[in-house]
Amino acid sequence: MLFNKQREDLVYDAENKELVSLFHEEIKENSKNDKEKKKVELTYKGYNVIGLIEIPSIDLEYPILNKTTKTTMATSISRFSGGEVNEYGNISLAGHNNYSGTMFGKNKKLKKKDKIFLTDLNGKTIEYEIYDIFVTNPDDVTILETKDKSIREVTLITCKNGRSERLIIKAKEV
């Protein structure tokens, strides 16, 4: 059973890598056209892609889907709460802690000062630095709050110990 789940995770991971390549191609093509710059529009399995997350220290790069549902969680990283990618305030992103290491399966290896890069649909990439890592219970909604609307912040959420706890990674713009 576990082997089948890992194989399924890797299939999704391969599909996500294709979508990441398409995202980069669309952004590159859009940047060539100075007169008619438009917001890139991508969909994946019926969901809107709102950006891209990259965490070099754990070799993670995934599209960010526009909302969190059971289906989007099985597909890619998704927006759990907050505004658009790279807006001021806190955007919270959710992803599975897959045994295979896909999605947020390697988040436990992250350390303070590691970098997270978010790219929005206009091709703007902002660097964030991790400043807090902690475990909380699944009912803790304080992690979603925007404490300072004058800064850009990202919160990564994934399960820990099955579903009994949440591993939270907090980062803010450098």
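The values are calculated or read from the model by the stated rules, or taken from the named source; none is laboratory data. Since we're looking at a predicted model, the values are computed, not measured. Reconstructed Cβ throughout: ideal geometry from the backbone, glycine too, with neighbour counts over all protein chains shown. Surface areas here come from the heavy atoms of the whole protein model, side chains and all, with no ligands, DNA or RNA. Shrake-Rupley method; radii C 1.70, N 1.55, O 1.52, S 1.80 Å.
One quarter of the convex hull surface, Cα atoms only: what value does that give for the chain in nm²? Mind dumping the intermediate values first?
Details: hull surface 40.3 nm².
Result: a mean projected hull area of 10.1 nm².
What do you reckon, how do THR68, THR43 stack up by accessible area (1.4 Å probe), largest on top?
Values: THR68 45, THR43 90 Å².
Largest accessible area first, the list is THR43, THR68.
For the range 52-122, state which chymotrypsin sites (Phe, Trp or Tyr not before Pro) are in a DSSP loop and have at most 15 other beta carbons lying within 10 Å of their beta carbon. Could the numbers behind the result be given before it?
Numbers: sites: PHE80, TYR88, TYR99, PHE104, PHE117; in loops: TYR88, TYR99, PHE104.
Filter output for the range 52-122: TYR88, TYR99.
Rounded to the nearest 10 Å², what accessible area does LEU118 show when all protein chains are kept and the probe is 1.4 Å?
0
How big is the antiparallel share of DSSP beta bridges in the chain, given as a percent to the nearest 5?
Roughly 80 percent of the beta bridges in the chain run antiparallel, per DSSP.
Mind scanning LYS32/LYS111; LYS32/LYS108; LYS32/LYS113; LYS109/LYS149; LYS70/LYS109; LYS32/LYS112 and naming the pairs with a C-alpha gap bigger than 32 Å?
Working: LYS32/LYS111 37 Å; LYS32/LYS108 38 Å; LYS32/LYS113 34 Å; LYS109/LYS149 29 Å; LYS70/LYS109 25 Å; LYS32/LYS112 36 Å.
Correct reply: LYS32/LYS111; LYS32/LYS108; LYS32/LYS113; LYS32/LYS112.
Tell me, what is the FRET efficiency for THR43 and GLU165 to the nearest 0.05, using R0 = 41 angstrom and their Cβ-Cβ distance as r? Walk me through the numbers on the way to the answer.
Values: r = 33 Å, r/R0 = 0.80.
Using R0 = 41 Å, I get an efficiency of 0.80.
Looking at the chain, which longest stretch skips every one of the GluC sites (Glu not before Pro) that is in a DSSP loop with at most 10 other Cβ atoms within 10 Å, leaving the sites themselves out?
For GluC sites (Glu not before Pro) (loop position, at most 10 other Cβ atoms within 10 Å), the longest site-free span of the chain is 42-174.
Take THR71, THR102 and sort them by solvent-accessible surface of the protein heavy atoms, 1.4 Å probe, largest at the top. Provide the component values of the computation, followed by the final result.
On the way: THR71 75, THR102 10 Å².
Descending accessible area places them as THR71, THR102.
Dipole of the chain, Cα-centred, from +1 at each Lys and Arg C-beta and -1 at each Asp and Glu C-beta, to the nearest 20 debye? Intermediate results must be reported in sequence, preceding the final value.
Numbers: 29 positive and 28 negative charges, 65 e Å.
So the magnitude is around 320 debye.
If a/c stays under 1.5 just call it rounded; otherwise compare a/b with b/c (prolate if a/b is bigger, oblate if not). Do that for the range 54-131, with a ≥ b ≥ c from the square roots of the Cα gyration tensor eigenvalues.
Working: a/c = 1.70, a/b = 1.06, b/c = 1.61.
Since a/c reaches 1.5 but b/c is at least a/b, the shape of the range 54-131 is classed as oblate.
What share of all Cα pairs of the range 85-174, in percent, falls into each consecutive 10 Å distance bin?
17, 50, 29, 4
Residues of the range 42-174: accessible area per residue at 1.4 Å, in Å²?
Values: 6370 Å² over 133 residues.
Solvent-accessible surface per residue comes out at 48 Å².
With all protein chains present, how much of the accessible area of the chain (probe radius 1.4 Å) comes from carbon and sulfur, to the nearest whole percent? Display every interim value, and only then the final one.
Numbers: 4820 of 9790 Å².
C and S fraction of accessible area: 49 percent.
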